[in-house]
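What follows is a single structure, written as structure tokens, with notes after it.
The values are calculated or read from the model by the stated rules, or taken from the named source; none is laboratory data. What you see is a predicted model, and the numbers here were worked out from it, not measured in a lab. Ideal geometry is used to build each Cβ from the backbone, glycine not excepted, and the neighbour counts take in all protein chains shown. To get the accessible areas, we keep the full protein, side chains included, count just its heavy atoms, and leave off ligands, DNA and RNA. Shrake-Rupley method; radii C 1.70, N 1.55, O 1.52, S 1.80 Å.
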Amino acid sequence: AQSVTQPDIHITVSEGASLELRCNYSYGATPYLFWYVQSPGQGLQLLLKYFSGDTLVQGIKGFEAEFKRSQSSFNLRKPSVHWSDAAEYFCAVGSQGGSEKLVFGKGTKLTVNP
Amino acid sequence: DAGVTQSPTHLIKTRGQQVTLRCSPISGHKSVSWYQQVLGQGPQFIFQYYEKEERGRGNFPDRFSARQFPNYSSELNVNALLLGDSALYLCASSSGTSGGALLDEQFFGPGTRLTVL
């Protein structure tokens, strides 16, 4: 069965600092991988996705993620964090067919200090 | 263009009651999925409907049911509410051009906050 682990429940960074959010997945085949962001009281917004090809994926708002098959990881990075990036971030994995079911991790809450 | 809309925004029910949540997908989108997000957890898949047919079902009891209408809007019904059903219920839509097989980006609505007392 598919599963996603986000080891960090809460991360605090200073504005302007770099950011890396960790995500490890479990899936038998090549996964479809996603990062979503959720601001308080809001739905989920897709930051980026990986289906195949280049393992370094660029997303919106200056985010990028790197797929590493050997480590079963899909970590999210941003070189310089802005105060508006404070939110909850979810990593998700999907199957290659049959349905649009996504399996989400428990999320990482990001706090940005001024 | 309007995004995914959900109604109501908030809902308070008592144990044993029944609730219906509604979702309108983005215009032209044929696939709708429902997720339950309990406080402090990630969303958990409940159902997916594509062209009015159920395409996927998560690990939820039969108290949960859903349907999709000819205009692609959808309803999620929960019977015999339990305290543990308190959660944010999210609806997502996608164009479904791949036949509902995940190649399409899913757009999420703001959710319905259900509180069961």
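Key figures for this structure:
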item: Residue A:17 vs. criteria at pLDDT 95 or above and either open to solvent by 60 Å² or more (accessible area, probe 1.4 Å) or part of a loop (DSSP other than H, G, I, E, B) (or both); result: yes
item: Matching residues, the stretch B:93-112, being more than 7 Å from chain A (Cβ to nearest Cβ), open to solvent by 20 Å² or more (accessible area, probe 1.4 Å) and modelled with pLDDT of 90 or more; result: B:107
item: The stretch A:89-114: number of residues that are surrounded by fewer than 20 Cβ atoms within 10 Å (Cβ to Cβ), farther than 17 Å from residue A:49 by Cα and not small (Gly, Ala, Ser); result: 6
item: Residues of the stretch A:57-88 that turn out to be open to solvent by 60 Å² or more (accessible area, probe 1.4 Å), assigned to a strand (DSSP E or B) and either in contact with an Asp or Glu (Cβ under 7 Å, 6 or more places away or on another chain) or touching a residue at least 40 places away in the same chain (Cβ under 8 Å) (or both), as a count; result: 2
item: Contacts under 9 angstrom Cβ, first residue in the stretch A:21-45 being at the interface with chain B (Cβ under 10 Å from one of its Cβ atoms) and under 29 Å from residue A:112 (Cα atoms), partner part of a loop (DSSP other than H, G, I, E, B) and β-branched (Val, Ile, Thr), 6 or more apart; result: A:43/B:4
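Here's the yes/no breakdown for (1) surrounded by 15 or more Cβ atoms within 10 Å (Cβ to Cβ); (2) under 23 Å from residue A:34 (Cα atoms); (3) more than 13 Å from chain A (Cβ to nearest Cβ); (4) modelled with pLDDT of 95 or more:
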position	(1), (2), (3), (4)
B:12	no, no, yes, yes
B:16	no, no, yes, yes
B:43	yes, yes, no, yes
B:50	yes, yes, no, no
B:77	no, no, yes, yes
B:91	yes, yes, no, yes
